[in-house]
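No lab work stands behind these numbers, since they all come straight from the coordinates. Being a predicted model, the structure only gives us computed values, none of them experimental. Cβ placement follows ideal geometry from the backbone for every residue including glycine, while neighbour counts extend to all protein chains displayed.
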């Protein structure tokens with residue numbers, strides 16, 4: 001449809017008349033948006049339609065008319081008014097200057113977002129779900145359960161370490177008797193406070209081992225080398241299979257490598273996290289748990305900022321954020337599944 | 001099922017044997033989680049199952065076994081192993097000390113959350129969706145479009161002001177010729193920078209009017225009186241109808257009054273918001289837009305903190321947060337609808 005001054009004026013008149021009709025039906029001054037001066041009001045509505053930055057005014061006016069219209073008791077009159085409202089709204093939405101214009105969509109971001117409705121998974125893309133979470137929010141359980149329900153792989157820091165160790169062991173043709181290596185990483189060490197660790201057995205490092213590590217990591221500090229190895233593994237896996245990955249800045253790594261994924265952050269109010277950690281670690285006092293959560297949050301923030309330059313847990317750095325205290329572990333899994341599964345239809 | 005030391009030990013043995021079976025099928029040291037010392041490993045697994053705080057270790061071990069198991073090429077062997085894995089996982093999940101315990105769910109919060117899967121809308125509850133948003137994120141358009149698609153009412157600050165003005169006008173039996181009052185609120189005044197306002201026509205206040213206002217608002221500053229009147233209106237409406245409400249701390253007001261609702265926060269990266277506001281307000285320079293967004297964010301933060309004591313836009317203060325840059329306006333509407341509609345089934 002072509003829009004010129006006449007069609008816009010005709011549309012403005014229809015809006016004015018719809019308001020008057022709603023008013024006539026309700027018979028109360030509470031039911032009127034525009035004053036009785038038809039010509040003046042129509043000219044104002046025309047202005048609102050022509051000036052893009054007036055869209056929100058027109059939107060509130062239309063919302064008020066339809067809010068009022070819905071209260072009309074007479075079924076026939078209600079139907080007539082709502083049909084006209086729907087037609088008008090459609091016409092307004094199609095205006096080149098209407099409030100429906102100026103989308104906030106970031107095409108680059110949406111292209112990488114496998115949940116986006118603009119772009120479905122292409123046949124070559126794998127479904128990679130990156131989950132960041134605060135400690136005590138149940139995020140790991142949510143990720144693990146989701147992976148199990150979707151029948152896809154689940155990766156966390158321990159599994160990455162183990163996979164990398166095995167890949168390296170294979171390269172070195174050193175035979176391995178199983179068991180998990182000690183993870184030399186402040187952040188992960190903190191995670192194990194007060195627990196006996198099958199995943200974190202200590203190992204002595206000899207000078208020879210230290211030299212071997214140095215050449216293996218190309219002179220990088222081991223912590224950075226581990227990060228880069230994990231990053232490479234995440235990108236490789238994302239080209240091969242569907243999976244869920246916990247933490248490791250995986251969302252940012254994948255975005256930087258232009259690999260499609262969904263990024264989700266899971267958290268819960270601090271008090272709720274304290275309660276959960278206390279119920280899981282019954283030997284810790286409340287004071288210890290509070291201190292541990294604060295330390296872990298700070299370490300998470302620093303780790304994320306160090307490797308990505310971004311703020312951890314800030315809404316605009318993720319696609320979606322879920323408060324697990326509102327849904328629980330099972331509820332959060334169901335919520336994510338609903339989005340993924342209806343998205344695929 | 002009763003769990004005692006024997007059933008737990010039997011389960012640990014099944015886990016060890018499953019790992020060995022996966023290893024046998026893959027024929028590589030990369031495919032083994034536990035070492036060859038069966039007795040030692042079984043005792044460790046038993047410990048992991050009995051000590052609640054070891055759940056995450058067992059979870060990673062199980063995930064690693066199933067990640068490996070999924071790579072088994074032989075269809076028969078794969079099926080056998082995965083069936084056993086499913087049985088084991090179910091048994092582990094049912095352990096009183098398993099990692100599935102210690103849910104993060106806040107029952108009080110979930111009870112108020114109309115999207116929660118634990119509790120459906122009761123027949124008396126209305127679907128009230130509270131949307132907070134950053135300026136320029138398209139949040140208002142998302143709320144308006146969602147309300148229109150769901151055929152429910154839409155309320156924003158202008159509509160609230162108008163409804164309150166009309167209710168008051170009716171009370172005073174003063175006849176009204178329509179048109180919107182000037183909104184005497186710093187925050188909203190800022191929203192109108194650079195736009196000609198149908199919603200914000202100026203009015204002169206006489207001394208008499210000021211005295212009348214004073215008694216009407218029981219001596220409260222008008223800003224607070226407006227907030228309290230709006231709060232009352234939100235609670236009243238929530239008992240009467242389904243609707244969407246933009247901002248106004250509606251989520252906190254409803255939670256404090258124990259009225260079920262869904263709270264959603266919509267935002268987008270700052271740069272994306274700048275681009276969107278510039279495309280909508282083409283007469284503003286980039287510098288002006290950046291300054292305006294920073295000012296508005298600060299005002300939002302202060303407003304929210306003043307009336308609720310909480311941090312605006314922080315993930316744990318909402319049920320769900322959406323990055324509109326990932327989905328666009330239409331995509332965000334669809335995402336919310338998918339959650340609500342599958343939630344109702």
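Some points to look at:
- Mean Cβ neighbour count within 10 Å, used as a protection proxy, ranking A:301-309, B:81-89, B:237-245 highest first: B:237-245, B:81-89, A:301-309
- Ranked list, fewest to most other Cβ atoms within 10 Å of each Cβ, for A:271, B:6: B:6, A:271
- Closest approach of any chain B Cβ to the axis that rotates B onto A belongs to B:321, 2, distance given in whole Å.
- Shielding of peptide A:138-144 by partners, expressed as the average count of other chain Cβ atoms within 10 Å per residue Cβ, is 5.
- Taken along the Cα-to-beta-carbon direction at a fixed 7 Å, the label points for residue B:70 and residue A:43 span 6.7 nm.
- Once the Cα-Cα distance is subtracted from the 0.36 nm per residue extended length, the residue A:305 to residue A:239 segment shows a gain of 21.2 nm.
- Other copies of residue A:74: label-to-label distances in nm, shortest first, labels 7 Å along the beta-carbon direction: 8.0
- Shielding score for A:239-246, defined as the mean number of other chain Cβ atoms within 10 Å: 1
- For residue B:286, inter-copy separations between label points set 7 Å beyond Cα along the Cβ vector come to 5.2 nm, shortest first.
- Alpha-carbon centroid distance for the pair the stretch A:6-60 / the stretch A:310-344, whole angstrom: 40 Å
- Of the residues B:52, B:75, the one with the fewest other Cβ atoms within 10 Å heads the list, and the complete ranking is B:75, B:52.
- Relative to the other identical copies, residue A:27 shows label-point distances of 8.9 nm, where the label point lies 7 Å from Cα along the Cβ direction and values run shortest first.
- Inter-chain Cβ neighbour count for B:32-43, averaged per residue, equals 2 (cutoff 10 Å, partner chain atoms only).
- Residues A:41, A:235 arranged by fewest to most Cβ contacts within 10 Å: A:235, A:41
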